[in-house]
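The values are calculated or read from the model by the stated rules, or taken from the named source; none is laboratory data. Remember, predicted model here, so these are calculated numbers, not experimental data. Because the Cβ atoms are built from the backbone with ideal geometry, glycine has one as well, and the counts that use them run over all protein chains shown. Remember, those area values only see protein heavy atoms, side chains included, never the ligands or the DNA or RNA. Shrake-Rupley method; radii C 1.70, N 1.55, O 1.52, S 1.80 Å.
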Amino acid sequence: MSPNQYQAQELSNLLENIQAKQASGVLYIDAQVDSEKSAKSRVLIWKDGRTLYGGKTVPDAQGLVKLLEQKLSREWVASAVAFAMRQVPEQASLRDVLERLVQMQLYNWEQIESVIYSQLILTVEQLLPYPGKFQFDSQKQLNFCRGVELSKLMLDITQRQEQWNNFKPTIMSMDAVPNLKSDTLANITEPNIRKHLQEWVNGQRSLVDIAEGLNKDPLSITKSYANWIQAGWLDITNNNTTTTQISLSTVLAVDDSAVMQQLIKRALTGYCQVILASNAVDALNVIYHEKISLLLLDVSMPEIDGLELCRTVRSIPQFRDLPIIMVTARDGFFDKVKGKFAGSNDYLTKPFDAEQLRQIVGRYIGLGISFNNKDAVTFDLSNQG
């Protein structure tokens, strides 16, 4: 079976499709980070639509134990783990190996799943922005931890993106390559910094390469590199084909209740940008000056109510296709009809929880790095071998 192609920013569509089909297997990905370099090859392991693991290869027992040793290092644990591994039959599954480590109280399940999840975040984060190829092997079945929902994974990656944004425009992404300036080493008095730069900065390694070599999160080393760039010790080459910027849709929530405003903001933060307005005048000002992807509109507001504001927005040509969701405590048939006639697309009844809000918003715009709209690219996984 030949690999399937996907374009930049379309990988999240593929992940959503696997989740929707509740598929199990191994997703092999070759992401093209730079046209002049070989593809970045990674695997993502799935079980019933949940993500279990991400890394360079499908893990075996030795590889998984080595990862745990690196991330949960203790002075005494290596010899104890080696002893535990000798007690495990050769044909034992990954789950059997991990359970043996837990039984010997070398690690607990919370520690193990935390390490695996951190590895998964770093893997998906490195792949998302780029085009590439994929193959899905449904014959290879693994089940060694609980796995996570895709929505949680995407939310955590989106929140990490906000941290990455703090380093722009100096460092555009983790794939940026630092370069030593001439005579830099001679001007550095701190021996540990000088030793690090001599060993790791060669004009070829990206920040993510350096972080992997040091067994660290790329975010944890980027602050130091940003400071060294500002000190004039390094140049940075942002030579990847595309940046890791995640484009978040913007939702305008119009409600005169401060409590409801904060409920909406908490529910959608990390999935999309949220702008709040308390009245129709402020809302119209935002609509004209910001690129709004969706309008959440409370019906009951003083002076100009939500229905009148909805009709006003619909009367403006450039906003005729803007998705509008009416939010109200009224759940009667005629209330919904009035909202429809005013030009709304949908109707959300108070009280509602965060997941209900995200679901209805997700019908009309992409949440976080995912694409939930009608134009989303989907992939047929039924015959992947």
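Inside segment 26-72, residues that are in a loop (DSSP other than H, G, I, E, B) and out of contact with any Pro (no Cβ under 6 Å at 6 or more places or on another chain) make up a count of 15. Scanning segment 362-384 finds no residues that are open to solvent by less than 30 Å² (accessible area, probe 1.4 Å), under 20 Å from Gln273 (Cβ atoms), at pLDDT 85 or above and hydrophobic (A, V, I, L, M, F, W, C).
Among the residues of this structure, Gly332 does not count as one that is farther than 27 Å from Thr269 by Cβ, touching a Ser or Thr at 6+ places or on another chain (Cβ under 8 Å), open to solvent by 20 Å² or more (accessible area, probe 1.4 Å) and modelled with pLDDT under 75. Of all residue pairs spaced 6 or more apart or on separate chains, those with beta-carbon atoms under 8 Å, a first member in segment 253-277 that is open to solvent by less than 60 Å² (accessible area, probe 1.4 Å) and a second member that is modelled with pLDDT under 85 and polar (S, T, N, Q) are Gly270/Thr158; Gly270/Gln159; Tyr271/Thr158; Cys272/Ser249. Per this entry, Gln141 is not counted among residues that are surrounded by fewer than 18 Cβ atoms within 10 Å (Cβ to Cβ), in contact (Cβ under 8 Å) with a residue 24 or more places away in the chain and part of a helix (DSSP H, G or I).
For segment 83-103, residues that are open to solvent by 30 Å² or more (accessible area, probe 1.4 Å) and modelled with pLDDT of 80 or more total 7. Can you report the number of residues in segment 53-82 which are open to solvent by 80 Å² or more (accessible area, probe 1.4 Å) and modelled with pLDDT of 90 or more? Residues that pass the stated criteria total 2.
Each residue in segment 3-60 was checked for being aromatic (Phe, Trp, Tyr) and more than 17 Å from the chain's Cα centre (by Cα), and 2 pass. In segment 2-52, of all residues being aromatic (Phe, Trp, Tyr) and at pLDDT 90 or above, the one that is nearest to Gly147 (Cα to Cα) corresponds to Trp46.
Within segment 199-224, the residues that satisfy the criterion of being surrounded by fewer than 13 Cβ atoms within 10 Å (Cβ to Cβ) and in contact with a strand residue (DSSP E or B) (Cβ under 9 Å, 6 or more places away or on another chain) are Gly203, Gln204. Taking the conditions (1) part of a helix (DSSP H, G or I); (2) free of Cβ contacts under 8 Å to residues at least 40 places away in the same chain in turn, Thr189 satisfies each one other than (1).
Summed over segment 320-329, the residues that are modelled with pLDDT of 85 or more and open to solvent by less than 30 Å² (accessible area, probe 1.4 Å) give a count of 6. Please name all residue pairs, on different chains or six or more residues apart, with Cβ atoms under 7 Å, provided the first residue is in segment 302-331 and is touching a residue at least 60 places away in the same chain (Cβ under 8 Å) and the second residue is of a type in the set (A, V, I, L, M) and outside any loop (DSSP other than H, G, I, E, B). Matching pairs, first to second residue: Val327/Leu296; Val327/Leu297; Val327/Leu348.
Any residue at all in segment 160-172 that is of a type in the set (Val, Ile, Thr), at pLDDT 85 or above, buried (at least 19 other Cβ atoms within 10 Å of the Cβ) and assigned to a loop (DSSP other than H, G, I, E, B)? Yes: segment 160-172 contains one or more residues that are of a type in the set (Val, Ile, Thr), at pLDDT 85 or above, buried (at least 19 other Cβ atoms within 10 Å of the Cβ) and assigned to a loop (DSSP other than H, G, I, E, B).
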